[in-house]
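Here's the structure, in structure tokens; my notes come after.
The values are calculated or read from the model by the stated rules, or taken from the named source; none is laboratory data. Quantities reported herein were computed from a predicted structural model and do not represent experimental measurements. Neighbour counts run over all protein chains shown; Cβ positions are idealised from the backbone, glycine included. For the accessible areas, the whole protein counts, side chains as well, though only heavy atoms, and no ligand, DNA or RNA atoms are used. Shrake-Rupley method; radii C 1.70, N 1.55, O 1.52, S 1.80 Å.
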Amino acid sequence: MTPAPHAPNLPEDYPAWLIRLKTDIRHARQRSALAVNAEMVQLYRRIGQEILARRAEQGWGTKVIERLARDLKDAFPDMRGWSASNLKYMRFFAEHCPDGKFGQQPADQLPWFHIVTLLTKLASPGERAWYAVRAVQLGWSRPTLELHIRNRLMERQGTAVTNFEARLPSPDSALAAETLKDPYLFDFLGLGDDAHERDIENGLIRHITRFLLELGSGFAFIGRQFRLEVAGDEFFIDLLFYHTRLKCYVVVELKATAFKPEHAGQLNFYLSAVDAQVKAPDDKPTIGLLLCKQQNRLVAEYALSGIEKPMGVAEYQLLRDLPASFERSLPSIEAIEAELTEEIDKLDPQK
């Protein structure tokens, strides 16, 4: 057997240089992919504008679009996306997003069928802009985007009762408040309204990926029934997280009952213990989240006003199971067309 050649003597800075080179290559590939996507989206908008103009001038309808689809498929057999349904989406895009933007968010920073989803699932330009910005910033897949639209994320985001404004410095208080929502939807657990706290906790751990998706971007799971020892006594936190954007620990306590003021006192104790025993010197103050079956906002506001530590109170809802399909990768163009054709035809009576 021929011996393997000896590795050459490498300069000391070679490993670090190789890491930087790999990073540069990855970034270049990402920029290239984004540029290709942007060019395609802009092309689709131009085609949509032309179809719109011909419909207005010459009364183009479905039959002409179907003929155009066949001709484009014949001319470009190696390209996908020339179906009649996709041409309708292009026309709809040009009509409802004439400047190529969702608010201030350029549409071409999103994949094409993210754009189709925003246009066909949402009627309000303001809602489209809100979801478009977050889809770009947080890298949502299309199934994740659809899930957040279906679960009314915009209506729930930043609505929990908190004392953050009084207990955290700006802008940390605003970012922390925006991180929480009300209510939280645990419909993926398949539990009834009479579920006990331990049942809910067990279900959230079994479905930790979906739970983290519902919590939102930045939450990293640390542990359940996290043990603390104070003066020889043991205490157990239901769920402990670390938030990568807030740079702090987050203590989550579950209550299968309506909110009571004493719940805030218990959570305040846990936050003090985590700050003293777990928090690193460069971490920001630990925040708490009480998830209750029900909460009276005024009672919660009164209770939190006298609490030293930063915390929020929100409800959770146990509903039907979510479709298992939302975790799948992006479907094929044909599958998406089949799903959305009926919706876009409803939205466009002049088909």
Subject >> Cα shape, the range 19-150, gyration tensor, a/c 1.5 rule >> reply: oblate
Original post:
Label points 7 Å out from Cα along the Cβ direction at Ala16 and Arg55: separation in nm?
Top reply: 5.9 nm
Original post:
How do Met79, Met311 stack up against each other in accessible area, from largest to smallest, with a 1.4 angstrom probe?
Top reply: Met79, Met311
Original post:
Under the definition of Cα pairs under 8 Å and six or more residues apart, what whole-number percent is the relative contact order of the range 177-267?
Top reply: 20 percent
**OP:** Can you sort Val36, Val274, Val64 by 1.4 Å-probe accessible area, starting with the largest?
**Re:** Val36, Val64, Val274
Original post:
If you take every DSSP beta bridge whose two residues both sit in the chain, what share of them, in percent to the nearest 5, is antiparallel?
Top reply: 60 percent
Subject >> the chain: most fluctuating residue of Val161, Val252, Val278 per GNM, C-alpha cutoff 10 Å >> reply: Val278
Subject >> Nearby aspartates and glutamates by direct alpha-carbon distance to Lys284 (threshold 13 angstrom, same-chain neighbours under 8 apart not counted) >> reply: Asp172, Asp275
**OP:** Mind telling me which of Arg20, Arg134, Arg206 comes out most flexible in a GNM of the chain, alpha-carbon contacts under 10 Å?
**Re:** Arg20
Original post:
For labels at Glu301 and Asp71 in the simple 7 Å Cα→Cβ model, what's the distance in nm?
Top reply: 6.3 nm
Original post:
What is the helix-to-structure angle for 112-121, meaning the angle in degrees between its Cα long axis and the longest Cα principal axis of the chain, kept from 0 to 90 and rounded to the nearest 10?
Top reply: 70 degrees
Original post:
If the limit is 19 Å between Cα atoms, which of Lys247/Lys279; Lys88/Lys121; Lys63/Lys88; Lys181/Lys293; Lys279/Lys309; Lys247/Lys293 go over it?
Top reply: Lys247/Lys293
Subject >> Relative contact order for the range 17-152, counting Cα pairs under 8 Å that sit 6 or more residues apart, in percent >> reply: 23 percent
**OP:** Give, rounded to the nearest 20 debye, the magnitude of the charge dipole that the range 226-276 has about its Cα centre when Lys and Arg contribute +1 at Cβ and Asp and Glu contribute -1 at Cβ.
**Re:** 320 debye
Subject >> Heavy-atom accessible area order for His207, His243, largest first, 1.4 Å probe >> reply: His207, His243
**OP:** Work out the FRET efficiency for Gln225 and Lys121 from their Cβ-Cβ distance, taking R0 = 30 Å, and round it to the nearest 0.05.
**Re:** 0.15
Original post:
What whole-number value in Å² describes the accessible area per residue of the chain for a 1.4 Å probe?
Top reply: 53 Å²
Original post:
Ignoring ligands, DNA and RNA, what percent of the 1.4 Å accessible area of the chain is carbon and sulfur?
Top reply: 53 percent
**OP:** Name the residue farthest towards the positive end of the dipole of the range 1-153 from the options Trp60, Trp140, Val116, assuming +1 on Cβ of Lys and Arg, -1 on Cβ of Asp and Glu, about the Cα centre.
**Re:** Trp60
**OP:** Give, rounded to the nearest 20 debye, the magnitude of the charge dipole that the chain has about its Cα centre when Lys and Arg contribute +1 at Cβ and Asp and Glu contribute -1 at Cβ.
**Re:** 1020 debye
Original post:
Which label marks the calculated value of volume of the Cα convex hull per residue in Å³, given the options [x] 246; [y] 130; [z] 284?
Top reply: [x]
Subject >> Highest-MSF residue in the chain out of Ser32, Ser305, Ser272 [GNM, Cα springs under 10 Å] >> reply: Ser32
**OP:** Please work out how much accessible surface Leu191 shows to a 1.4 Å probe, ignoring ligands, DNA and RNA, in Å² rounded to 10.
**Re:** 40 Å²
**OP:** Compute the relative contact order of the chain as a whole-number percentage, counting only Cα pairs closer than 8 Å that sit 6 or more residues apart in sequence.
**Re:** 16 percent
**OP:** Can you tell me the FRET efficiency between Ile205 and Ser170 if r is taken as the Cβ-Cβ distance and R0 is 35 Å, rounded to the nearest 0.05?
**Re:** 0.50
